[in-house]
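The values are calculated or read from the model by the stated rules, or taken from the named source; none is laboratory data. As the structure is a prediction and not an experimental result, all values here were calculated from the model. So basically every Cβ, Gly included, is an ideal-geometry build from the backbone, and we count neighbours across all protein chains shown.
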Amino acid sequence: MTVKRLFRSVLLGLAACAAGWPALAQDYPSKPIRIIVPFSPGGAVDGPTRAIAQELAKRLKQQVIIENKPGAGATIGSEMVAKSAPDGYTLLLASQTNAISASLYPKLAFAPIDDFVGISLLGREPGVLVVHPSVPVKTVADLVALAKAKPGELNYASSGNGSGQHLFAALFTSMAGVKITHVPYKGSGQATTDLLGGTVQMAVPGTQAMLKHIKDNKLRPLATTGVTRSPRLPDVPTLAEAGLAGYSAYVWMGLLAPKGTPPAIIERLQRELKASLASPEVTTFMNDAGIEVVGSTPAEMDSYFREERDRWARIVKETGAKID
């Protein structure tokens with residue numbers, strides 16, 4: 001076969017595959033769908049994913065099974081999906097951890113970004129910069145002034161090196177031009193305990209988990225990390241409003257499929273996800289959890305995932321963040 005004939009044969013084959021995609025989507029799904037959650041059961045994204053999966057199953061008239069595959073900064077579960085058949089039956093629940101891990105784990109057996117195609121950004125929650133009441137500051141400007149007067153003497157807690165809490169705070173110190181010492185913990189539980197006890201002075205955890213402590217005056221909120229004020233803390237400014245123009249950081253969750261999944265299946269999933277996110281059951285769950293429902297297009301999810309990778313790669317490089 002000549003090169004010309006071979007090339008023509010390949011083009012015809014690709015055209016045949018593309019022509020068959022709509023029919024494939026009509027038959028999809030014909031068996032249960034698995035969503036791999038690369039985090040432990042009961043975590044911040046686990047509950048919302050299960051609520052969405054229940055509604056999605058109703059719309060697809062097929063089981064949607066959640067499988068937790070935690071470990072190694074979400075890379076264990078992510079690799080499992082990356083190496084799965086691109087047929088729409090194995091999907092990945094991704095978060096900012098996936099974008100961060102793309103820089104923290106340079107030698108992976110898969111590409112954390114390029115081996116996936118976006119389906120939808122599902123929801124997001126801002127963080128909140130909180131300080132222990134013993135810290136003599138009332139505003140972000142006060143905190144920056146204190147940190148500049150006492151470089152390295154203040155410290156901030158996180159749930160671990162390279163975690164979202166670590167890099168949210170590191171982004172703050174970078175943009176504010178201050179030196180505040182990082183104290184990593186193995187999980188958010190002990191980090192919160194020590195923050196409440198005053199062992200560490202500040203942190204930037206997710207907003208929802210801090211609301212009770214803020215209400216009880218055990219922690220003082222200085223700013224939130226979103227682009228707009230949190231409905232949960234309407235009187236608290238964003239970091240951008242407080243002087244750090246351009247600052248934004250979210251705990252987010254999005255759904256991905258292995259690269260090569262037919263576009264018609266991606267479009268079907270995105271359409272049913274959008275409807276699921278608008279359902280009263282999911283809306284109520286997300287509101288109660290303090291999560292802003294998004295429901296993006298596949299292209300928007302792809303773009304957002306890459307923007308997050310680039311944003312946190314810079315902070316990982318600046319801070320020299322390492323995996324635990």
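What to note about this one:
- Where a residue in the range 36-54 is in contact (Cβ under 8 Å) with a residue 60 or more places away in the chain and under 17 Å from ALA289 (Cα atoms) and its partner, wherever it lies, is among the small types (Gly, Ala, Ser) and surrounded by fewer than 21 Cβ atoms within 10 Å (Cβ to Cβ), with Cβ under 7 Å and at least six apart: GLY47/ALA289; PRO48/ALA289
- Test: residue in the range 128-140 that is surrounded by 14 or more Cβ atoms within 10 Å (Cβ to Cβ) and under 19 Å from the mean Cα position of the chain (by Cα): yes
- The listed residues are GLN190, GLN201, and the only one of them that is touching a residue at least 40 places away in the same chain (Cβ under 8 Å) and not charged (D, E, K, R) turns out to be GLN201.
- PRO237 being in contact with a Gly (Cβ under 8 Å, 6 or more places away or on another chain) and not assigned by TED's automatic domain parsing to the domain that holds TYR304: no
- Just so you know, in the range 69-111 the residues that are out of contact with any helix residue (DSSP H, G or I) (no Cβ under 7 Å at 6 or more places or on another chain) and polar (S, T, N, Q) include one that is farthest from GLY123 (Cα to Cα), and it is SER84.
- Qualifying residue in the range 284-302 (condition: without any contact (Cβ under 8 Å) to a residue 24 or more places away in the chain and of a type in the set (Asp, Glu)): yes
- Condition met for SER134 (out of contact with any helix residue (DSSP H, G or I) (no Cβ under 7 Å at 6 or more places or on another chain), in the same structural domain as SER159 (by TED's automatic domain parsing) and more than 28 Å from ASP288 (Cα to Cα)): yes
- Filter pass, VAL144 being assigned by TED's automatic domain parsing to the domain that holds GLY295 and either crowded, with 18+ Cβ neighbours inside 10 Å or not in a helix (DSSP H, G or I) (or both): no
- Positions within the range 90-114 being out of contact with any Ser or Thr (no Cβ under 9 Å at 6 or more places or on another chain) and hydroxyl-bearing (Ser, Thr, Tyr), in sequence order: SER95, SER103
- Boolean, GLY177 is farther than 13 Å from PRO126 by Cα and in the same structural domain as MET80 (by TED's automatic domain parsing): no
- Top-ranked residue of the range 179-214 - restricted to ones that are assigned to a helix (DSSP H, G or I) and touching a His at 6+ places or on another chain (Cβ under 9 Å), ranked as farthest from THR97 (Cα to Cα): GLY197
- Test: residue in the range 95-117 that is farther than 24 Å from GLY260 by Cα, touching a strand residue (DSSP E or B) at 6+ places or on another chain (Cβ under 8 Å) and modelled with pLDDT of 95 or more: no
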